[in-house]
Structures are given as C-alpha cells and as structure tokens.
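Novice: One structure is given below, represented as structure tokens, and several questions about it will come after.
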Amino acid sequence: MPPAPTLKEIQSLYHSFQTASQRFTSYNFNQYFLRRTHLTFKPILDSLQPESGSELVGNKKQLDPTELSKWFEEQKNELEVIKRSSEINRMFKGPKLVVEHATPITGGGGAGAEASFGGGGQPATP
C-alpha cells in the first residue's frame, strides 16, 4: 500500500475534480459533479487542515493512513471516469437550458412599444 497522501496531494486532486466537473457541457451534470466533489472532499480536507489559531483540534476525527491512501486511490480512479464522461458529454452536447443563457432579459413588462399604439389588442386611437 502506498504511503498516505499529503494535504497538498489531496488538495491537488480536489482541484482536478473541480476542473473535470466544470468540463461537462450539460448544466445538470456540471452542477451535480461539482456538488458531489465538494461533499466527498469536505470531510477529508476538514480532518486534515488545522483550524486557524489552534495547533491541534481534539474533536476532529483522525483518519487511518491506510484508509486514507485507499480512499485516495479510489478517488484517482473516479477522476479518470469523470474525465472520460465529460469528454463524451462534450461530444454529444445538447441545447443550453434556460438557466445557462448568459444574456439577461432586459425590458419587457408594462406597456412597451408594442402596446403603445394599437398593439397587443389595444384599440388604435391617435
């Protein structure tokens, strides 16, 4: 069994997961994998990072190095799956969802130009 990964290695893997997750063109897949990445790594990173201003925190669960290295290897394999999945998703991308469109809807509402004279079922009275 390889030695337990360092905090920097885990942070690097976390960043790689975020990058791979953002490569999905489908909004739903993108958001799902970002959320799942955060939920997977948060407890591990919290247990490895000391809180600011304290040397050692007694209430944090310390991870067994063998379990941590096993988890790390599983996550590296999972990263490869996500990378392949994102590439397939990019090859077969569909139309964007409404929440993905970056152009804000401006105007509208109230009596616009179409309702000012005879538009929208209004009588034409000059």
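Novice: How many residues does the range 20-35 hold that are among the hydroxyl-bearing types (S, T, Y) and surrounded by 14 or more Cβ atoms within 10 Å (Cβ to Cβ)?
Specialist: Start the filter on the range 20-35 by keeping residues that are among the hydroxyl-bearing types (S, T, Y), which leaves 21, 25-27, 32.
Those left that are additionally surrounded by 14 or more Cβ atoms within 10 Å (Cβ to Cβ): 21, 25-26.
Residues meeting the conditions: 3.
Novice: A further question on this structure: Filter the range 1-31 down to residues that are assigned to a helix (DSSP H, G or I) and of a type in the set (F, W, Y) and give me whichever is modelled with the lowest pLDDT. Give the steps one after another, and end with the answer.
Specialist: Filtering the range 1-31 down to residues assigned to a helix (DSSP H, G or I) leaves 7-22, 27-31.
With the extra rule that they be of a type in the set (F, W, Y), the set shrinks to 14, 17, 27, 29.
Values: Y14: 97, F17: 97, Y27: 91, F29: 94.
Among them, the one singled out is Y27.
Novice: If only one of L34, L45 is at pLDDT below 95, out of contact with any strand residue (DSSP E or B) (no Cβ under 6 Å at 6 or more places or on another chain) and in a helix (DSSP H, G or I), which one is it? Spell out how you get there, then give the answer.
Specialist: Working: L34 fails: at pLDDT below 95.
One residue alone meets the criteria, L45.
Novice: Does I82 qualify as being modelled with pLDDT under 65 and not basic (K, R)? Spell out how you get there, then give the answer.
Specialist: Values: modelled with pLDDT under 65: no; not basic (K, R): yes.
The answer is no for I82.
Novice: Six or more apart or on different chains, Cβ under 9 Å: which pairs go from a residue in the range 29-43 that's over 24 Å from T6 (Cβ atoms) to one that's of a type in the set (K, R) and crowded, with 16+ Cβ neighbours inside 10 Å? Could you list them?
Specialist: Cβ pairs passing all conditions: N30/R23.
The values are calculated or read from the model by the stated rules, or taken from the named source; none is laboratory data. All values reported here derive from a predicted model rather than from experimental measurement. All Cβ positions, even for glycine, are placed from backbone atoms using ideal geometry, and neighbour counts span all protein chains on display.
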